[in-house]
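The values are calculated or read from the model by the stated rules, or taken from the named source; none is laboratory data. For clarity, every value in this text was computed on a predicted model and none was experimentally measured. Heads up, the Cβs are rebuilt from the backbone with ideal geometry, glycines too, and the neighbour counts pull from every protein chain shown. Just so you know, the surface numbers come from the protein's heavy atoms only, side chains and all, with ligands and any DNA or RNA stripped out. Shrake-Rupley method; radii C 1.70, N 1.55, O 1.52, S 1.80 Å.
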Amino acid sequence: MLHVNSRIGQLLHADHLTTLGTLQELEELLVGQGATPPDLAKPAVRAALETLVAVVKGEVSRHFGFEENHLFPVLADAGQMGMTMLLISEHRAILPVAEVAGELAGAALASGSFTPEDWAEFREAGLEFCERELFHIQKEEMGLLAAVAALVGPDEDARLAGVFEGLHAGG
Ligand SMILES: [Fe+2]
Ligand SMILES: [Fe+2]
């Protein structure tokens, strides 16, 4: 879905697409490996895990934070508090499994392997992260971006885009 008039809508949409790509890569790794820990000497495995760590960090510190601290208050003021509260509660359900998956991936990259126990825990957290985040992004791509296009005026759009880009430039 394209919201060509909203810059902040486009920026969020681009982030969502990046995250969806990472989720797909992660799910392929998790489903493909099954219960067997992957060989971290394989560049493709390391790349998938490194991307996951980066996306979890981005989701935690930037994307969710931007939505909750900057975008949702604007939409709540415009009468969309029910939607923003629901999306925040979904963030609260996603973050713990995302953080567990990101931490285990980082630890495995540092040590060079997953123990079977760590791999089992990583698989469980990773699959939950995929499921919850996919559902959340699908919901935001429909409801949130439509609300942004309808309710955020040009000045507010420019201000929010500036904040979003500032957060991304910062780290
Ligand atoms: Fe989002
Ligand atoms: Fe969100």
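Key figures
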{"quantity": "Cβ pairs under 8 Å, 6+ apart, first in the range 143-171 and open to solvent by 20 Å² or more (accessible area, probe 1.4 Å), second among the basic types (Lys, Arg)", "calculated": "ALA158/ARG7; LEU167/ARG62; HIS168/ARG62; GLY171/ARG62"}
{"quantity": "Hits in the range 103-139 - residues which are within 17 Å of ASP15 (Cβ to Cβ) and either open to solvent by 10 Å² or more (accessible area, probe 1.4 Å) or in contact with an Asp or Glu (Cβ under 7 Å, 6 or more places away or on another chain) (or both)", "calculated": "CYS130, ARG132, LEU134, PHE135, HIS136, GLN138, LYS139"}
{"quantity": "Checklist (1) buried (at least 20 other Cβ atoms within 10 Å of the Cβ); (2) within 13 Å of ligand 1 (Cβ to nearest atom) applied to GLY58, failing item", "calculated": "(1)"}
{"quantity": "Residues located in the range 21-47, provided they are under 15 Å from the mean Cα position of the chain (by Cα) and buried (at least 17 other Cβ atoms within 10 Å of the Cβ)", "calculated": "THR22, LEU23, GLU25, LEU26"}
{"quantity": "Filter result (in a helix (DSSP H, G or I) and more than 13 Å from ligand 1 (Cβ to nearest atom)) within the range 140-158", "calculated": "ALA146, ALA149, ALA150, LEU151, PRO154, ASP155, GLU156, ASP157, ALA158"}
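Listed here are the residues, each with its yes/no results for (1) assigned to a helix (DSSP H, G or I); (2) among the hydrophobic types (A, V, I, L, M, F, W, C); (3) at pLDDT 95 or above.
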{"position": "PRO37", "(1), (2), (3)": "no, no, yes"}
{"position": "GLY58", "(1), (2), (3)": "yes, no, no"}
{"position": "VAL74", "(1), (2), (3)": "yes, yes, yes"}
{"position": "MET81", "(1), (2), (3)": "yes, yes, yes"}
{"position": "GLU90", "(1), (2), (3)": "yes, no, yes"}
{"position": "ALA101", "(1), (2), (3)": "yes, yes, yes"}
{"position": "ARG132", "(1), (2), (3)": "yes, no, yes"}
